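Heads up: the structure comes next, in structure tokens.
The values are calculated or read from the model by the stated rules, or taken from the named source; none is laboratory data. Just so it is clear, the model here is predicted, and its values are computed rather than measured. Counting neighbours? That spans all protein chains shown, and the Cβs are built from the backbone with ideal geometry, glycine included. When the accessible area is computed, the model is the full protein with side chains, heavy atoms only, and any ligands, DNA or RNA have been set aside. Shrake-Rupley method; radii C 1.70, N 1.55, O 1.52, S 1.80 Å.
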Amino acid sequence: QVQLVESGGGLVQPGGSLRLSCAASGFTFSAYCMNWYRHAPGKERESVADITSGGGRVNYADSVKGRFTISRDNAKKTVYLQMNSLKPEDTAVYYCMTVVWVGMRLVEYWGQGTQVTVSS
């Protein structure tokens, strides 16, 4: 059974840092791209970052580029999001996501999310 579990969220002051983790199980983690999304109340869900299966290529939303870093440890089956220079506009629930072959079906899986609040 595919499972994604986020952790590391919390309350931080503007300019502070947090490191989110997403622990994966139930699929061949090293074969799939991983993604971070966020969703704030009253706003559309948006893609934050993604990383290829081997970690060789990464992409970031313009709003976080230069501040956030996505990485992965395939041995630990975990993807990370290092968030620096946090701004109040970064406040959201952060989700990790992947699209996985389950039998003959391609299925989108999401974690439960972890709350990040940036406030003074």
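Some points to look at:
- Residue list for the stretch 91-112, restricted to those being without any contact (Cβ under 8 Å) to a residue 40 or more places away in the chain and closer than 21 Å to Glu44 by Cα: Glu108
- Picking from residues in the stretch 27-40 that are in contact (Cβ under 8 Å) with a residue 40 or more places away in the chain and part of a loop (DSSP other than H, G, I, E, B), the one that is nearest to Asn84 (Cα to Cα) is Ala40.
- Given (1) within 14 Å of Gln82 (Cα to Cα); (2) open to solvent by less than 60 Å² (accessible area, probe 1.4 Å), index of the condition Arg19 fails: (2)
- Every residue from the stretch 4-16 that is open to solvent by 30 Å² or more (accessible area, probe 1.4 Å) and either among the β-branched types (Val, Ile, Thr) or without any contact (Cβ under 8 Å) to a residue 40 or more places away in the chain (or both): Val5
- Count - residues of the stretch 7-58 that are more than 11 Å from the chain's Cα centre (by Cα) and aliphatic (A, V, I, L, M): 7
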